[in-house]
1. What pairs come up if the first residue lies in segment 173-191 and is farther than 22 Å from residue 207 by Cβ and small (Gly, Ala, Ser), the second is part of a strand (DSSP E or B) and modelled with pLDDT of 95 or more, and their beta carbons are under 6 Å apart, counting only those six or more places apart or on different chains?
2. With away from ligand 2 (no atom under 16 Å from the Cβ), at pLDDT 95 or above and at positive phi as the only criterion, which of 169, 178, 206, 230 stands out?
3. Those residues that are at pLDDT 95 or above and either within 16 Å of ligand 1 (Cβ to nearest atom) or charged (D, E, K, R) (or both), I need them from segment 218-227; list them, please.
4. How about segment 234-308: which helices (runs of 4 or more DSSP H) wholly inside it have at least 3 residues that are in contact (Cβ under 8 Å) with a residue 24 or more places away in the chain and away from ligand 1 (no atom under 16 Å from the Cβ)?
5. Considering segment 140-172 alone, what residues qualify as being of a type in the set (Val, Ile, Thr) and part of a helix (DSSP H, G or I)?
6. In segment 173-200, how many residues are away from ligand 1 (no atom under 16 Å from the Cβ) and in a helix (DSSP H, G or I)?
7. Looking at segment 1-57, what helices (runs of 4 or more DSSP H) fall wholly within it and have at least 3 residues that are surrounded by fewer than 18 Cβ atoms within 10 Å (Cβ to Cβ)?
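The values are calculated or read from the model by the stated rules, or taken from the named source; none is laboratory data. Bear in mind that the values here come from a model prediction, so they are computed numbers and not experimental data. Don't worry about glycine lacking a Cβ; one is built from the backbone with ideal geometry, like all the others, and counts go over all protein chains shown.
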Amino acid sequence: RVDEETIRSIPKAEVHVHLEGTFELIDLIELARESGVPLPGPAATLFDLGTHFAPDTTDTIDAGSGVGTGGLSAFLRFLDWQCGLIRTPQQASALAYRFAARQSASGIRYTDVIVNPTHWSAWRGRVGDLLSALAEGFDEAERDGLCVINIAYSLLRTQSQDEATTIARWLVETRPSRVIALSVDGDERVAGRTAEKFAPAFDIARDGGLRRTIHAGESSGAEGVWDAIRHLHAERIDHGVRAIDDDELVAHLAETGIPLDVCLRSNLTLGVYPDLASHPLAELMRRGVTVTVNTDDPAPIGTRLENEWSLAADAYGWGLPQLIALAHASVTASFAPDALAAELH
Ligand code: ADE
Ligand code: ZN
């Protein structure tokens with residue numbers, strides 16, 4: 001059995017983690033106090049806070065356990081509330097810096113972090129300022145020898161075609177510091193199939209040199225994964241686990257090497273699978289699909305990357321060689337600069 005200490009010591013990348021999901025309880029309490037915002041209820045744990053964001057008719061994933069008791073859409077509203085507490089560039093930079101320090105503590109040397117500006121209500125109309133403040137925090141962290149972090153700018157699935165193309169054009173024209181990719185997240189079943197709507201934005205992104213990573217096959221079935229590959233030039237699929245329902249898709253993923261960025265505890269917490277025994281990770285790997293193992297939203301889910309890897313190792317009987325291979329896959333799948341990737345390999 002490989003312990004978490006050993007897992008932390010393996011140099012690795014993380015490629016599926018949302019900055020919106022990295023606020024620890026103490027961060028939220030301090031930010032709420034600074035902004036004069038009341039907590040939604042008693043705050044003994046992040047779990048307690050999350051349960052105040054109840055399910056409503058837009059919630060499509062069945063209740064899981066933990067902070068996701070209200071399903072994915074209620075969980076996303078919790079993220080809105082948290083991000084709404086960040087109002088100043090100093091707060092944004094500090095959050096970014098702390099995230100880099102936590103990544104480093106898990107032995108993560110490079111991260112593609114997902115940032116979805118629609119959650120950050122105080123920055124409407126000045127998303128460029130938010131990105132600059134985050135980049136400053138990441139710059140300072142890198143100067144201090146902490147984890148190197150680039151940003152995947154994420155569209156929310158319910159955004160319009162016009163909004164998406166405007167954003168893609170703006171990203172390509174202005175190339176905000178550290179923004180390396182365009183992404184899509186949010187609840188797939190609220191918006192329906194959205195790939196065709198976002199295709200023009202992803203054409204612009206690809207032609208303009210931005211990388212592409214897409215959430216699919218979490219709250220959608222395998223068709224969402226096909227759509228991301230066919231219409232959005234996806235280089236990676238975030239989650240993608242529902243690909244298991246389509247043999248042709250599994251074969252295609254194995255053949256092309258498009259990685260699935262899997263998040264085990266997230267899937268259990270948000271009710272995508274009821275337990276590890278029914279989770280398809282091992283079967284996908286057995287059939288030749290490249291996978292990475294990630295945290296998704298570590299703070300509200302109550303996990304760290306070493307917990308996720310250890311959970312997988314225990315469930316599937318992986319030893320050190322398999323975990324080193326997993327680290328290798330994480331670096332290859334990442335959008336890390338070539339020199340850093342070479343150093344980590
Ligand atoms: N944003 C943050 N976490 C997410 C998830 N698990 N699925 C879709 N969008 C998200
Ligand atoms: Zn995610």
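1. Hits for this filter: 186/156.
2. Details: 169 fails: at positive phi; 206 fails: at positive phi; 230 fails: at positive phi.
Answer to the selection: 178.
3. Step one: filter segment 218-227 for residues at pLDDT 95 or above, giving 222-227.
Of everything in segment 218-227, those that are at pLDDT 95 or above and either within 16 Å of ligand 1 (Cβ to nearest atom) or charged (D, E, K, R) (or both) turn out to be 223, 224, 225, 227.
4. Filter on segment 234-308 gives 247-256, 281-286.
5. Our first condition is that a residue be of a type in the set (Val, Ile, Thr); within segment 140-172, this holds for 148-149, 151, 158, 165-167, 172.
165, 166, 167, 172, listed by residue number.
6. So in segment 173-200, the residues away from ligand 1 (no atom under 16 Å from the Cβ) come out as 173-180, 196-197, 199-200.
From what is left, the residues that are in a helix (DSSP H, G or I) are 173-174, 196-197, 199-200.
So the count comes out to 6.
7. Values: elements: 4-9, 25-35, 46-50.
By residue number, 4-9, 25-35.
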